[in-house]
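Just below is one structure, and these are the notes that go with it.
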Amino acid sequence: MEGIPLRKLLGQIRLACEKYNMIEDGDIIGVGVSGGKDSLALLAGLHELQRFYPKSFRLIALMADPCFHKTPTDTSPLEALCKEWDIPLVVKRTD
């Protein structure tokens, strides 16, 4: 994915959504996020798609935190991004 501009990625996301009829009006789309570039690129692409896609849909970001060594992951950067984009973030911490 390195070097792929968001506009090109957005075009590919839109093409896939249209070709496979992936989004219907009123859908709530859960995006599994890890904080890595792949999941955040998908979240960013879908967020941008919301602005002009002919079908209305909502996004929710979902994160599973395994709490390695009994230490919760610092999710504050992801929380800030989701707040800025008005996307609910659900973090499930496990042991």
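For this structure, a couple of remarks:
- Failed item in (1) in contact with a Ser or Thr (Cβ under 8 Å, 6 or more places away or on another chain); (2) open to solvent by 60 Å² or more (accessible area, probe 1.4 Å); (3) within 29 Å of ASP65 (Cα to Cα), with VAL33 passing the rest: (2)
- Given (1) among the polar types (S, T, N, Q); (2) outside any helix (DSSP H, G or I); (3) open to solvent by less than 30 Å² (accessible area, probe 1.4 Å), number of the condition ASN21 does not satisfy: (3)
- Every pair of residues 6+ apart whose Cβ atoms lie under 8 Å, when the first sits in the stretch 19-37 and is within 10 Å of ALA61 (Cα to Cα) while the second is open to solvent by 100 Å² or more (accessible area, probe 1.4 Å): ILE29/ARG58
- Within the stretch 54-81, the set of residues being surrounded by fewer than 17 Cβ atoms within 10 Å (Cβ to Cβ) and within 14 Å of CYS17 (Cβ to Cβ) comprises PRO54, LYS55, SER56.
- Flag: ILE13 does not match the condition of being surrounded by fewer than 10 Cβ atoms within 10 Å (Cβ to Cβ), of a type in the set (A, V, I, L, M, F, W, C) and not in a loop (DSSP other than H, G, I, E, B).
The values are calculated or read from the model by the stated rules, or taken from the named source; none is laboratory data. Since we're looking at a predicted model, the values are computed, not measured. Here Cβ is always computed from backbone atoms with ideal geometry, including for glycine, and neighbour counts include all displayed protein chains. We work out accessible area using only protein heavy atoms, side chains counted, and drop any ligands, DNA or RNA first. Shrake-Rupley method; radii C 1.70, N 1.55, O 1.52, S 1.80 Å.
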